[in-house]
Structures are given as structure tokens and as C-alpha cells.
Amino acid sequence: MLKRDALLEIRIENIPARFVISAEEQLKKYAAALLAEANLPFEGIEACGTYKRLVLYISGVPAKTEEKTQKAYGPAARLLKDEKGAFTPQAAGFARSRGTTPDKLGVETVPNKGEVLVFETKVPGRSAVKALAEIFPQVISKLQFPKNMVWEESRFRFARPIRGLLSLYGDKPVVFGVAGVKSGRVTVGLSAKGSRQIKVASAEKYFKALQHADVIVRDAERLETLRGEIAALSKRMKLSVEADPELLTENLYLIEYPVCVVAGYSQEFLKLPHELVHLVMKKQLKFFTVANSKGLLQPYFVGIRDGVSKGQRNVEDGFKNVLEARFRDAIFFYSRDLAVPLAEFKAKLSAITFQEKLGSMLDKTSRVEELAAWLCGACGTAVNAGEVLAAAAQVYSDLTTNVVREFTELQGLMGYYYARNSGLSEKVSRAVGDFYLPLSAKSPLPESKEGALVSLAGKLDTLASDFALGLIPSGSEDPHGLRRAALGSVRIILENGFRLNLRSAVSAAFAQLPPEASVRAAEPLLDFIWQRAEAVFTEAGYRFDEVKAVREFFMSGGDLADCRDRVKDINALRGNPDFAGIAMAFKRAKNIVRQAKVPLSGTPDESVFEKDEERALYGEITAMSGRLKAHLGNRDYAKGLTELLSIKDSLDNFFEKVMVMAEDPKVRDNRLNLVKSLVNLFEGVADLSQLQ
Amino acid sequence: MTFQDFILKLNQYWARQGCALIQPYDLEKGAGTFNPATFFGSLTSKPNSVAYVEPCRRPGDGRFGENPNRLGKYYQYQVIIKPPLENIQQVYLNSLKAVGIDHTEHDIRWIEDDWESPTLGASGVGWEVWLDGMEVTQFTYFQQMASYELNPISVEITYGLERLAMFVQKKKRIFDIMWTDRLTYGEVHKGVEEQFSHYNFEEADTENLRFNFDRWEKEVFRLAAKGYHLPAFDLVMKCSQNFNLLDARGAISVSERAVLIKRIRDIAKACASSYVEANEPAEKKEKTNA
């Protein structure tokens, strides 16, 4: 059978990039499912789009849907005939209800029902055009967007108004309507060329027809063209146009054909912090920045316009004027900020509420200062406390500056510039600037240990604050970025080698909160942080159960670096042939102790021992415990674990020959204490019972 | 093209599209959306096509006439069309042509920007229109007004007249815009900016502003209950203006701000309910949770 391609183009008023990208995935998914349901096979399916069209292209579709067998199930098979071999009334009734006779019924085994009567009919294939005319409108109404709207009387909901539908199977129109729009074979070209109407002869000629009209419908092709244009420009300018991926994507969905507009701006604006220059260009105008071979910003920009180079001079002038106006605004704000010492901005924090019940940002600053001071003494690392406190005092001051009020993304960073301007040292200023780091899971941490400690103090205060108000993230909801704060804390601690009892740190953070925030949820917060630590450890290649083995240790105040050392050594020694056995024996010992009905001291009385295996085991335990203590003191968990492994034979013998739950309660309790002494020994290293 | 020609051309263009040229409403307001032709006009089920210049006041935006780009009083040109024309985007682009901007010789971009007005309980879906990088128009399909789901939908096109005039006249300062061939925008308005910046930031009697706010608020409820939604809505505009003045005077704390905004939303809602009940009881608009 001859196969043709099928096409659906939904023409809409301008939609943003993220809408297009997600709609493309959905178009493919829903169309494939509905085609399968309709028994209409296809060879390929593709979706693409621009800011004003979403396109679904299905290749190799036969003219008819496949013939389908339809089955109707009836009563149990044994009811087909009676003892005399005649059809029963039930069978006859079922046949009649299906418009047939009992002799046409078959038998089939159906799960949960056994053998039942079945009547099969063949549904002939129908035209692909008809099937598609039902499928396409369904696909359109299934599309989900981050936000929908209504615009016409049927109150159909979609991201933006639908203004045209082009739908073809080969050269035949596939006719249907959605939201008051009838499908046809007409689309429009570039809006920059007046949105001329284009009649499309067949689905197969669609992409060519639009290419002719200077529209690159396929996202990947358009991106390639855009990259090509930018690369060519870089070469011509002998500079590098910085092709920021986010900006590329955003621009990709603001145009149907990329035309670059290059121009320069006054050197004077490069006196602004370069991050600010980037932000003005990228966020406010969607322009690309230009740098030299050393990565240093140069006074040029590249804007992308849609489709034509007619009036290029107008656009260039327009872009230059807008950029200049924005830069003038920025310079105005920046120079006003520089005229004021940071302390004055800090004082204004009292007018900014942090959170209801938790005071102002000035109150939060004081808490961060206190906590940072506490951490200096508790982090087990030499830090310059003077520098920590100097930085902590200014971490939020930039929030009241003109630049940060205008460009909130620059919080922290502007703090660096203003701290330096107020006479703080480069290192302290840098610590202020690094306060919000790391910005994401893999991005850089604060540069200095002092900066890291201040940043940690801020994160712990934020975490404690929200937990105290019961604002614990659930599911994908995490409006205050608590997961990021917890993960950042874990990374800061581990990568700076801080030896910190987080249980105490969390308590210290809670203790500073005003009494109105009454929940002191140390346990859930510690667990929340632990979950991020688990992610870090498993990411580093350790197995989930190995990480679980040190959770108890962490929750009871163990430091994260110590946890990591333990996990590392468990992982390294896991290949030892005795390992699984000793873990199993420990699990058994732990269970026995848990089920004991008397309180256990963990110190057995040697005179009550009856069997050699008991004495041998205890002998080994006492001999080893001193060595183990020394290894643990040296944080040498590999040696510690090796010690535990060495006990395997006597432990196996013990469990094999000795019955712990002896009849004589004195003997039994003594044996329980022996097992308890063993468990204590193991638990000093890790909870090996978690290993699977 | 002078500033006044600009307005004349837009009037001519939109009149040809069938819009009634409703004149500016004679009370102070922060945006054209407060004009009763927009507020009540978008609430009915009747078709509504209007256009008008609307003087607006944003007390906090004034800069004593010193900043080349910021004003405490300025002009919007507003178009409301219900139901929206199918080719409304093109009709808008043609309006630019009417004021001398051929869009095929410039870069036009539609940047996602969903407008909302918490004081009016209004929201919509739409864009900022960028002309060679400069925002010149807010283009919105209203979805809600005074917390009512709208049916049918109105499209609102709001031109920033000063921005467009600067663009066409290639001026870098608002005050340099030519109002006529001889008169500049600065000559008409600079004194206004100076005077009102002093009033807005320094002189306005905050006690009086609060006192009037409270009194008018009560009056809105009383009038709305009697079905006098039009005078009631005048007082909503006045309350909103007092709120903006208090804000410019720095007299509103963060928590009070949210409370005042809700109080204005509630009185706007009372006017809308009074209007809907009196005019379209059969319609019984769907109320939202807002």
C-alpha cells in the first residue's frame, strides 16, 4: 500500500521557549498513543516548533488503518451445549445479542474467568484521513502548558490563542476544527515579512515551502544556523561572542530565522562590575556578550532579530539606544550605592521582613553572626575568627542597595564590590560575595574557609528557620530552596574538612530563633540534611546500604567527614570473603540484643561462662577492644574493620555451639551481656546490619 | 511626528477599526485599567470596543524631573476590544504603521509578560511588545477582573505614548519630545514633575490620606449595596491613589501593604458585584476563589 506523510501545524500567537519544548514532547507522545489505538501504523514521528507554530510530522502512514479483530466475550464455555449436544438458551441468547448464531461462537481462555464463549468480528480498515481528523484535535486538547488561557467563545484552554491549523495527509486536507478554527492547507510566512499566506501542496512539501519563506521550523536546524551565524561573527570580529546556552535557547524561540545585529557600546560602561554588564545584556535585552581571547569583556554586543535584515540600521540604533539607557540606569544606581558605606545599607535591613515570626533581615544577620562565631569554635579547623565575623556582619547588607533592588540576582556579588568599597579586605569582601554559594549541585563553593563558614552559618539559619515554622519541603515543592541549602551545607563541610557535630550545630541554630517560632524540629532537620549527604556519598560511588550503615552514627552527632571515611573503608573492605558473613553475624547479634527482656550492661561475668566458645569469643573481644579503640582514635576504619573481620571464626563457633537463650536465667543473661559487648564493639564502627 | 499628532493618528486608526473614542476619565488613577470603560466594560457580556488616552499617576515613579526616563505622571493610550479580533496582533502592528513605524523595517518581539493588578483583582495573559529592544506596549488578554472569570474575553492594548514618541522622534530624554512643532513635552510637564515629586515624597499629609481612605472605603460598601456602583468606583480610584501616595511617602510597612491592597481589592469587588447583579443577573458570572 502506498504510504504518505501526515502533518499538523498549530499556529498560535507567540509562546515562550519552555512552552514549545514541552509541547513538542507531548505532541509526539500523545500522537503515537492515539495512532496505535486507531491501528494506524507509521514509520516515523517528529515534532518541532517556533514561537508561533507547533508542528507534528508523521512519516510513512498507509492510506487505511489496519483491519482489526473485535472480540465480545459471553458466558462460560461449558454453557455452549447441553448434555444432548444442543445449544443452550444462554449460548443462543449471547449469539442473538451479537447478531449472530450459536454455531459461529468460539471458545477462549480468559484470565480469572477460565474458558468463555467468544464472538469475533473483523472491523475493516478505514481511511487514514478520517482517523487523523479524529486524532489531531484530541492531541491538541491533551497538550498541557505551565499556564493556559481562554480567548474565544468555546472557552477552549490553550497556552495562547490558536490562529490557524494546517493539516494534511499527503496532499489531502485533514479537516477538523478546534477553538473555532477550521483546519486547511494554508499557513503564513515570516511575520517580519508581513505574515504572507502560503498554500502547502502536500505534507511532504511543508518544510521546503517554509524554508522558501525563510522559516526554519526544525528547532535543531534553527539552532545550528544561529550557532553558525554567531561563530562566523566571532571569526569576523576576531573576538568571541559568548554563546550562553540559556540565551541561545531563549533567542531560538523568539525568531523563525536568525539575523544577527552587532554593535558597540561605550567603553565607559565596562567600569560597571562585569557581572552587572552581563546581566543587563542577557536578562534585560537577551543580547550576547563579546569577550577577547582571555575571556575579558569587550564593548560589543550581539542581538538576534527575526528573519530579515531590512532596516538593519534602525534595529542596530534601537538596540544601542536601549542598551545605553539600561547601562545609564545601572551606572546611576551603582554610583549612588558606592557613595554610601555598607553599614548604612545594613541598618536599612530592619525594614525588610525575613519571615513572619522570625523578625527582619537585620535580626537574621545577627543570628548568622552568632552562629558563625559558634561554628568557629566548633568546626575543628583553624579559621580566622575576626575575618569570619567581619564578613558575617555584612552578608545581607547589599539587599537594600539600589543595584540589588533592581537586579536581585546580583545579591551577594554586589556585596563583594560594596564591602571592598567600604574598606573591608579583599578576603573578607570575597567571603561576603561568596555567601550564597554554591548556587547549584556542582557549582563552586566559597573560596576561603572563612567564607565557607559564614555561608554555612547562613544556610543552617535558613534551614532551622523554615523547619521551625513547619515549612518542610515536600514533593517537588521547595520554594525557599532548602534542599539546595542542605546540599550546599554538606558540600561545604566535606570539602573544607570541617569536623562538625551537626546535631549540636542544628541545636545552636534553633536555640537562637525567637520564641514565637516554637517548633524545634532538630530530628527532621538532621534527617533532611542526612538525605542530601546520602546523595553526595552515593554520587561518589558508594553503595546505598554502605551509606545507610553510618546514618545512626551521623544522627547521634557524628561528623560528616568521619562518616565519609567509614563509608569509604566499608566499601573498600567489602570484597573480603568474610565480610558478608560477619555482617550477617552482627545482624543476628543485634537482633538478639534487641529482643532481650532485661537491661544489659555489656559486661559479662567470666566465671559464669560454661563453654569454651564463650570464653574464646570474650577473650578475643577483650583483646581486641583496646586495639579497636586505638584505630578508631586514629580514624583508621580500615584497620578497625579488619579487626572485626578477624573475630569471624570464634563468632561463628559461638553461634554454632552455644545457645544464648539457655534455661538457667543467670547463664542466659550472662550470654546476652556477652553478645551485647560484641554489638557495642561493632557499633563503634558502623551499623553493618544495614548491608544487604 | 509630534506628540499630539501621534495621539491624533492613533485615534484615527482605532476609530476606523470601530472603536469608540471614550475620553479620559476625570479622576486620578495609576493605570488606564481603572477607567470605568475598561473596568466595567470588561465585565459585561456585551461587545465593547473603546480607545482613549488615559493620563496616569504613579507617585513613587516621579524623579523631580531629573531622570530622563522616569515620570510620576504620564500618558497611556489604551484600546479595549471584546471579543478580540482574530487578527488582533496584525491589527496592532498596522497601528504602528499608522504612526510611521513600518514593522517590517524594525525588530518586533513579543516577550511573555502576564499582567496582573492585585488591587483590582485582575489578571491576564500576554506580552510586552519590544520595538528594536524597547518595550512600547503591554498586550493582554484579560482573564479575570475584580476576581470574576471573564466571558467573553477582552484584549487590552496599552501603548506607552512617551516611549513611542521618543522612539519615533529619536529623542533620548522624555522632556525633549516635541509636543507640537514649537512646544516640548518638558515645557508642558517638567513643572508638574517637580511640584508633584515634592508633594508625593515630602508634603502629602499621610494622616489625611489614611483618614480619607477609611471613610471612602465605608462609603463604597454603602453605595455598592444600594446599586450605585459608578460613584462607588470613583471612590475606589481615590482609595487606590491614596494608597500609592502613602507608599511614595514611605508610610506603609510590608505587612500593612498586603492588607491595604486586599482592602482595595475588596471594594473593587463590591463595585463589580453590584454592577453584575444589577445588569446581568442572568449571567451569574462564575466566581473564583480569589
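Bear in mind these aren't lab numbers, they're just calculated from the coordinates by the rules spelled out. Keep in mind that this is a model prediction, so the values were computed, not measured. So basically every Cβ, Gly included, is an ideal-geometry build from the backbone, and we count neighbours across all protein chains shown.
Amide H of B:Ala204 versus every other amide H placed in the peptide plane: which residues, excluding those fewer than 5 positions away on the same chain, fall under 5 Å?
The list, which skips near neighbours in sequence, is empty: none.
Which of B:Asp181, A:Asp398 has the fewest other C-beta atoms within 10 Å, and how do the rest follow up to the most? All intermediate terms of the calculation are to be shown ahead of the outcome.
Numbers: B:Asp181 8, A:Asp398 27.
Least to most surrounded, the residues fall as B:Asp181, A:Asp398.
Using a simple spin-label model with points 7 Å from Cα along the Cα→Cβ vector, what separation in nm is obtained for B:His198 and A:Ser425?
5.1 nm
Give the long-range amide H neighbours of A:Val290: residues separated by 5 or more places, or on another chain, with amide H under 5 Å away, using H modelled in the peptide plane at 1.01 Å from N.
Amide H neighbours of A:Val290, under 5 Å, 5+ apart: A:Glu242, A:Gln298, A:Tyr300.
Residue by residue through region A:437-446, which ³J(HN,Hα) values in whole Hz follow from phi under the Karplus form 6.51 cos²θ - 1.76 cosθ + 1.60 (θ = phi - 60°), with glycine and proline marked x?
6, x, 7, 8, 4, 10, 7, x, 9, x
Cross-link list A:Lys142/A:Lys172; A:Lys28/A:Lys193; A:Lys3/A:Lys199; A:Lys629/A:Lys676; A:Lys52/A:Lys147; A:Lys81/A:Lys113: which exceed 20 angstrom alpha carbon to alpha carbon? The partial results should precede the final answer.
Working: A:Lys142/A:Lys172 24 Å; A:Lys28/A:Lys193 30 Å; A:Lys3/A:Lys199 22 Å; A:Lys629/A:Lys676 17 Å; A:Lys52/A:Lys147 16 Å; A:Lys81/A:Lys113 18 Å.
From A:Lys142/A:Lys172; A:Lys28/A:Lys193; A:Lys3/A:Lys199; A:Lys629/A:Lys676; A:Lys52/A:Lys147; A:Lys81/A:Lys113, over 20 Å: A:Lys142/A:Lys172; A:Lys28/A:Lys193; A:Lys3/A:Lys199.
Averaged across the residues of B:97-108, what count of C-beta atoms belonging to other chains lies within 10 Å of each residue's C-beta?
On the way: counts 0, 0, 0, 0, 1, 4, 4, 10, 8, 7, 18, 5.
Mean partner-chain Cβ count within 10 Å for B:97-108: 5.
In whole Hz and in residue order, list the ³J(HN,Hα) couplings for region A:195-211 that follow from phi through the Karplus curve 6.51 cos²θ - 1.76 cosθ + 1.60, θ = phi - 60°; x for Gly and Pro.
These are the phi-based 3J(HN,Hα) values: 6, 5, 6, 10, 8, 9, 6, 7, 3, 5, 9, 4, 4, 4, 4, 6, 4 Hz.
Using alpha carbons only, how many angstrom separate the centre of region B:63-99 from the centre of region A:464-494?
Region B:63-99 and region A:464-494 have Cα centres spaced 44 Å from each other.
Apply 1/(1 + (r/R0)^6) to the Cβ-Cβ distance of A:Ala373 and A:Arg520, taking R0 = 22 Å, and write down the FRET efficiency to the nearest 0.05.
FRET efficiency, A:Ala373 to A:Arg520: 0.60.
Just to verify a number: FRET efficiency for B:Arg210 and A:Ala347, C-beta to C-beta distance, R0 = 41 Å, to 0.05? All intermediate terms of the calculation are to be shown ahead of the outcome.
On the way: r = 27 Å, r/R0 = 0.65.
The calculated FRET efficiency here is 0.95.
Arranged by the count of other C-beta atoms within 10 angstrom, fewest first, what order do A:Ser22, A:Ser191 take?
Numbers: A:Ser22 15, A:Ser191 23.
Listed from fewest to most nearby Cβ atoms, that is A:Ser22, A:Ser191.
Report the local net charge at B:Pro118: Lys and Arg +1, Asp and Glu -1, summed over other residues whose C-beta lies under 9 Å from its C-beta. Mind showing how you got there, number by number?
Values: positive: B:Lys262, B:Arg265; negative: B:Glu116.
After counting each charged neighbour, the total is +1.
Only helices at least 30 Å long along their own axis, judged from Cα atoms, and with Kyte-Doolittle mean hydropathy of -0.5 or greater: name those in chain B from DSSP H.
Working: long enough: B:254-279 (38 Å, 0.09).
Sorted by number, the helices that extend far enough and score high enough are B:254-279.
If you find the alpha carbon centre of region A:10-37 and of region B:201-271, how far apart are they in angstrom?
Value for the Cα centre distance between the two parts: 46 Å.
Taking beta carbons within 10 Å but only from partner chains, what does the mean come to for residues A:250-260? Can you show the working numbers first?
On the way: counts 1, 1, 0, 0, 6, 2, 0, 0, 0, 1, 0.
If you average over the peptide's residues, the count of other-chain Cβ atoms is 1.
Over all residues in A:145-155, what is the mean tally of Cβ atoms on other chains that come within 10 Å of each residue's Cβ?
Numbers: counts 0, 0, 4, 2, 8, 8, 11, 5, 4, 0, 4.
Taking the mean over all residues of the peptide, I get 4.
Using alpha-carbon positions, what is the distance between the centroids of region A:147-169 and region A:80-118, in Å?
50 Å
Sort A:Leu494, B:Leu8 so the one with the fewest other Cβ atoms within 10 Å of its own Cβ comes first.
B:Leu8, A:Leu494
Between A:Asn112 and A:Asn653, what's the calculated FRET efficiency when r is the beta-carbon distance and R0 is 51 Å? Round to 0.05.
Computed FRET efficiency for A:Asn112 and A:Asn653: 0.45.
For every helix of n ≥ 4 consecutive DSSP H residues, a contribution of -39,500 (n - 2.57) applies; sum these over the protein assembly as shown, divide by its total residues, and give [θ] at 222 nm rounded to the nearest 500 deg cm²/dmol. Don't skip to the end; give the middle numbers.
Numbers: 34 runs with 449 residues, N = 982.
It lands at -14500 deg cm²/dmol.
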